[in-house]
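Undergrad: My questions all concern the structure below.
We did not get these values from a lab; they are worked out from the coordinates using the rules stated. Computed from a prediction, not measured in an experiment: that's the story for all the values here. Ideal geometry is used to build each Cβ from the backbone, glycine not excepted, and the neighbour counts take in all protein chains shown.
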Ligand code: ADP
C-alpha cells in the first residue's frame, strides 16, 4: 500500500504517500463462472433417497447478493423427522457394527467426491449464503473435505482414541447447524459422528440449505448405506423436532446462544447427551510490542472474514494505549482498500449479509453504538443497489457498557477499546457472557503463555487469527457452549466409553 517507506518519509519529513485502492480504481469484473448445478427444487434426503415433504410444503432460498430466488426447499415436519430417525435407527444396526476400516472407506469417498465437485460447491455456497467466492473456494469447501479426510483416518484407529478404554458409537444423533458456514458446519458434525459409527439426522439452516442437500447427492454417490445420514430442511420447528426426538441419544447444536438455551431447557430432565457451540464476543488483544502491520491484517481477518458472520469473530479489539492511535490509523487505511460487493467476483473481500433479518439486526446494533456515543468509521465504498450489504464498520471510543461491546453483532462491525496493563486487558477480555475465542498479538512468548491460561476462551490464537484445523478441538466456555468439535476431543463427544 504505502508507496514510500516509512523510513523515506521520516527522512523527508513528509507523511508517507499512500495508494488507496477502494473505489478510486475500477477493477474489471472477475466473476466465477463455474456452474453450481442448482436444481429448481430440493427434497428431503431420507433413507438414501430424495423424498418430498409429507406436508407438500416448500420455501424459497434467496440469493442475498441480489434477492433472486435460487430454489424451493422442502419444509420437513414432525412426521418427516420421524421417518428420518426411523431410517437412521435401521441403518445403525449395521453401520454401528461395521469394522472401522470399512467405515473409513466411505468417509474417504465423501471427502474425495467433494473435492471432485469443489468449484461447483463453492459457487453454490456463495450464491446461497453471500460469502465471497474466494472464501468458499479457498476455505469452506477444502476445509470441509479436510474434516472428512481427517476423521476417515481415525475410523480404523478408534482403539487409540481413549487410551486404556474401549469406545463404541452412541446410536442415532440429531444435529442442527447454522447459516454462516453451511457446508463446513455439516462436515464438522457428520465426520466425527460417522467415524465413530453413529447414524445421523441433520438439519441445515433455513437460509442456507442448498449445499447440505447437494451433499445428499454425494452421500448417495458414495454408496453410503441408506439411512446413515438423513437431511431434513426446514425452520425452527423442524430443528426443535430433530433436537427433541425421543430416539436421539445425543444432540449437537451450533447456532445462537438464545436458541441453544431453548434447546437445553427443552431437553432438561432427559438423558440425551448434548454439545452446544453458541455465540461469541471475542477479544483480539494487541500489545505495544506487537508487529502492528501483521496485527492489522489479523484484526481485519478476525472481524471481516465471512462478513463477520463468525461465532469466533474478533469483534472486540483491545489495544494497548501507547499504540492505540497508530493501530486505529493503520486499520482505517487498510479498511479503505476492502472491496465490498458481488460475492461471486474473485476480487470481493466482503460479500453480502446472509439475510434481510440479519442486516436489520446489524443496522439496529450499529445505530445503538452511535446513540450511546461511540465514534463510527465506515469507508466511502459504494454498495450494490440490490441485495443485502453493510459497510465494514469500526467503532472507537467504545466503553464496556455499550451494547456494541457486549452483544454479538454477527456482522462486519468492530468495537475498539483500549487498555493500559495486562491485568486490565484480561479483565476486559473476560468480562463477557461468552468464551469462545480470543487473539493475542505480542512479541513476548511468556505473555502469550500467561494469556492463553488467563483468557477464558476455548481457543486463544497468538499472532494470528481464525486459524482452523480438523486436528484442533474447537468449542467454548460459559454462554458460548460446551463440548468440542475437531481432534480427539471432538470424536469422544460422539462415543460411549466402555
Ligand atoms: P443464528 O442466530 O445463527 O441464525 P439460530 O440459532 O437462529 O442461529 O439458528 C441456528 C439453527 O437453529 C438453524 O438451523 C435454525 O433453523 C435452528 N433453530 C431455530 N430455532 C430452533 C429451535 N427452537 N430448536 C431447534 N433448532 C432451532
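Undergrad: Rounded to two decimals, what is the ratio between the C-alpha radius of gyration of the range 103-161 and 2.2 N^0.38 Å?
TA: Details: Rg = 13.3 Å, N = 59, 2.2 N^0.38 = 10.4 Å.
That ratio works out to 1.29.
Undergrad: Kindly list the residues of the range 217-261 that lie in the label zone of residue 39, defined by a backbone N under 14 Å from the point 7 Å along the Cα-to-C-beta vector.
TA: 217-221, 231-233
Undergrad: Next question, about the same structure. Among the DSSP beta bridges whose two residues both lie in the chain, what percent are antiparallel, rounded to the nearest 5? Display every interim value, and only then the final one.
TA: Details: 21 of 61 bridges.
DSSP beta bridges in the chain are roughly 35 percent antiparallel.
Undergrad: Using the Kirkwood formula over every pair of different C-alpha atoms, what hydrodynamic radius in Å results for the chain?
TA: Final number for the Kirkwood radius of the chain is 23.4 Å.
Undergrad: Sticking with this structure for a sec: Applying a 10 Å radius around every beta-carbon, put 195-205, 393-403, 444-454 in order of their mean neighbour count, most first. Please list the in-between numbers first.
TA: On the way: 195-205: 27.5, 393-403: 17.5, 444-454: 14.2.
Ranked from most to least packed, the peptides come out as 195-205, 393-403, 444-454.
Undergrad: Fewest first, what order do 407, 485, 364, 479 take by the number of other Cβ atoms within 10 Å? Let's see the in-between values first.
TA: Values: 407 17, 485 25, 364 11, 479 20.
Placing the least packed residue first, the sequence is 364, 407, 479, 485.
Undergrad: Using DSSP, restrict attention to beta bridges with both residues in the range 273-407 and report what percent are antiparallel, rounded to the nearest 5. Let's see the in-between values first.
TA: Numbers: 3 of 8 bridges.
Close to 40 percent.
Undergrad: What FRET efficiency would be calculated for the residue pair residue 288, residue 265, taking the C-beta separation as r and a Förster radius of 51 Å, to the nearest 0.05? Walk me through the numbers before you get to the answer.
TA: Numbers: r = 45 Å, r/R0 = 0.88.
It comes out at approximately 0.70.
Undergrad: Right, something else. Relative to the first principal axis of the alpha-carbon coordinates of the chain, what is the inclination of helix 78-95, with its axis defined by its Cα atoms, in degrees from 0 to 90 and to the nearest 10?
TA: 70 degrees
Undergrad: Test of understanding: extend the Cα→C-beta vector of residue 68 to 7 Å, then name every residue of the range 27-46 with backbone N under 19 Å from that spot.
TA: The answer is 29-42.
Undergrad: How large is the helix-only mean residue ellipticity at 222 nm for the chain, computed as the sum of -39500 (n - 2.57) over DSSP H runs with n ≥ 4, divided by its residue count, in deg cm²/dmol to the nearest 500?
TA: Details: 16 runs with 189 residues, N = 498.
That comes out to -11500 deg cm²/dmol.
Undergrad: Once fully extended, how much extra length lies between residue 397 and residue 424, figured as 0.36 nm per residue of separation less the alpha-carbon to alpha-carbon distance? Each step should come with its number before you reach the end.
TA: Values: separation 27, 0.36 × 27 = 9.72 nm, distance 1.65 nm.
Full extension of this stretch gives 8.1 nm more.
Undergrad: Going by Cα centres, the range 267-311 and the range 37-90 are how many Å apart?
TA: First find each Cα centre; the distance between them is then 31 Å.
Undergrad: By the gyration tensor of its Cα atoms, with a ≥ b ≥ c the square roots of the eigenvalues, what is the shape of the range 57-187: rounded for a/c under 1.5, prolate for a/b over b/c, or oblate?
TA: Numbers: a/c = 2.68, a/b = 1.45, b/c = 1.85.
In terms of gyration-tensor shape, oblate.
Undergrad: If you don't mind, there's one more thing I want to ask. If you fit an axis through the alpha-carbon atoms of helix 182-196 and take the longest principal axis of the Cα set of the chain, what angle between them do you get, 0 to 90°, nearest 10?
TA: 50 degrees
Undergrad: Here's a follow-up. How far apart, in nanometres, would the label points at residue 449 and residue 297 be if each is projected 7 angstrom from Cα along the Cα-to-Cβ direction?
TA: Once both label points are built, they end up 2.7 nm from each other.
Undergrad: Can I ask one more? Determine by what factor the alpha-carbon radius of gyration of the range 280-462 differs from 2.2 N^0.38 Å, reporting the quotient. Before the final figure, lay out the partial values.
TA: Numbers: Rg = 15.6 Å, N = 183, 2.2 N^0.38 = 15.9 Å.
Rg over 2.2 N^0.38 Å, computed on Cα atoms: 0.98.
Undergrad: Could I ask something else about it? Using the count of nearby Cβ atoms within 10 Å as a rough guide to exposure, how do 117, 41 rank from fewest to most? Provide the component values of the computation, followed by the final result.
TA: On the way: 117 18, 41 13.
Ranking 117, 41 by Cβ neighbours within 10 Å, fewest first, gives 41, 117.
Undergrad: What do you get when you divide the Cα radius of gyration of the range 117-260 by 2.2 N^0.38 Å, with N the number of residues?
TA: Working: Rg = 15.3 Å, N = 144, 2.2 N^0.38 = 14.5 Å.
Its radius of gyration relative to the 2.2 N^0.38 Å reference: 1.05.
Undergrad: Using only Cα atoms, find the angle between the long axis of helix 118-129 and the longest principal axis of the chain, and express it within 0 to 90 degrees, rounded to the nearest 10.
TA: The answer is roughly 70 degrees.
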